[in-house]
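Below: the structure, in structure tokens.
The values are calculated or read from the model by the stated rules, or taken from the named source; none is laboratory data. Quick caveat, the model's predicted, so the values are computed rather than measured. Here Cβ is always computed from backbone atoms with ideal geometry, including for glycine, and neighbour counts include all displayed protein chains.
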Amino acid sequence: MTPVTGGTERCERPLVVRCGAFGDMVLVTTLIRDLAKTFGCDVDVLTSGPWSDPLLRGQSGVGEILTVRSRKTPYWFAVDQQRVVRRLRSRGVGPTWYCDGNDAARSLLTRAGVPDDCIVDVKAHPLLPGEHVTQQWRRLARVLPAAEATVATTAADEFAAAPGGCYLEVSDQQRADLERWLRERELASVPLIAIQVGNKRTMRRGLRRLAVNSKYWPKERWAAVLRHVRARHVKHAIVLLGAGPEYRLNREIAALAGIDRLYNAADDLPIPRLVALLARARGLITVDSGPAHAGAAVGCPQVVLFGKASTSLYRPWGTAGADVKVLTGRVGGEPNMLGIETGDVLAAWDTLVLRAD
């Protein structure tokens, strides 16, 4: 490191600040990889949530991962925030991309002594009409902080004309862990179909609040989809994905479906294993969710049900180019997942180009 103005040490590695949900962190890997190409080094990441570290660790272009549990806790009561600020100070000041839509984490940069002229703030570079979020991140990667105006961007032309989409690597360790997990369930040689019925929002307030959630789709419809998939793919195992709190929801839907070779894995899918499973599955049916984006990033064909979120902005898009069919519905003239009929999902699935053997 070399000193910068005021005697503060300089760090050459870029820093990306993104405190988002699982899917948000999959999408921002696009920015991280492009910055790694531009600067010729790994990119450090300041983030939040228990999913970010296991998702990002070991991914190409990712350096040190700094995590805070919550940005809402007052600083003087948040040991994790204080630890991150100390690390940022010792790391030194360098080019920083602030990728949150609010300023909740901006105070951590201020406390760490990162000046405004070292920061590219996404709020100063809003989305363009029809732009996908990964295209926004690629565009942001070509914007340099004022203090970095002399940085050479030799890789800029290489990725400026490239399409959007995200990509996740699956390590040999992840694949070996998945193989062991599948062997224990006698599924190692069985083709897999994955189903994601829940979402972080779905489970936030418990099952009694499902019907008021924008990403809720009725259990009876999911059961009908499962019966259809079983009838069409008699040799496949169907795996219900999810986090721990979604196990109960999966169990209720499985009871309604009444089919065989249906596996509820919501209590046993840490993120590295989930990503490896998506990289192996022949196809996925899912609500708009983190696993939808992770699936696209590892080339898993999918049918995805959207509620209120913009499909042009957040549709799953992976660089592998797997088939993705996006479904939307309306209720009372407004976007609503409940407007998607069971037949819509079945028709989309029947025409989806599944992953080959």
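Annotations
- Residue check for G101: touching a residue at least 40 places away in the same chain (Cβ under 8 Å) and not basic (K, R): no
- Pairs, first assigned to a helix (DSSP H, G or I) in the range 107-121, second among the small types (G, A, S), C-beta under 7 Å, six or more apart: D117/A146; D117/A147; C118/G94; C118/A147
- Against the test of being under 23 Å from A309 (Cβ atoms), surrounded by 17 or more Cβ atoms within 10 Å (Cβ to Cβ) and charged (D, E, K, R), the options R138, R91 yield a single qualifying residue, R138.
- Residues in the range 165-184 that are assigned to a loop (DSSP other than H, G, I, E, B) and modelled with pLDDT of 95 or more: Y167, L168, E169, V170, S171.
- Residue check, L284 in the same structural domain as N213 (by TED's automatic domain parsing), more than 30 Å from L127 (Cα to Cα) and crowded, with 18+ Cβ neighbours inside 10 Å: no
- When D80, D42 are screened for being buried (at least 16 other Cβ atoms within 10 Å of the Cβ) and among the charged types (D, E, K, R), only D42 passes.
- Checklist (1) surrounded by 13 or more Cβ atoms within 10 Å (Cβ to Cβ); (2) over 19 Å from T38 (Cβ atoms); (3) at pLDDT 95 or above applied to R86, failing item: (1)
- Meets criteria (in contact with a strand residue (DSSP E or B) (Cβ under 9 Å, 6 or more places away or on another chain), at pLDDT below 95 and not charged (D, E, K, R)) for A162: no
- Test: residue in the range 11-34 that is surrounded by fewer than 21 Cβ atoms within 10 Å (Cβ to Cβ) and among the aromatic types (F, W, Y): no
- Cross-chain or 6+ apart pairs with Cβ under 9 Å, the range 40-63 first and free of Cβ contacts under 8 Å to residues at least 40 places away in the same chain and in the same structural domain as T30 (by TED's automatic domain parsing), then part of a helix (DSSP H, G or I) and among the basic types (K, R): V43/R33; G61/R33; G61/K37; V62/R33
- Top-ranked residue in the range 190-219 [being at pLDDT 95 or above and over 17 Å from the mean Cα position of the chain (by Cα); ranked as farthest from P335 (Cα to Cα)]: V190
- Test: Q82 is polar (S, T, N, Q), under 26 Å from the mean Cα position of the chain (by Cα) and assigned to a helix (DSSP H, G or I): no
- Subset of the range 330-346 (residues that are touching a strand residue (DSSP E or B) at 6+ places or on another chain (Cβ under 8 Å) and in contact (Cβ under 8 Å) with a residue 24 or more places away in the chain): N336, M337, L338, I340, V345
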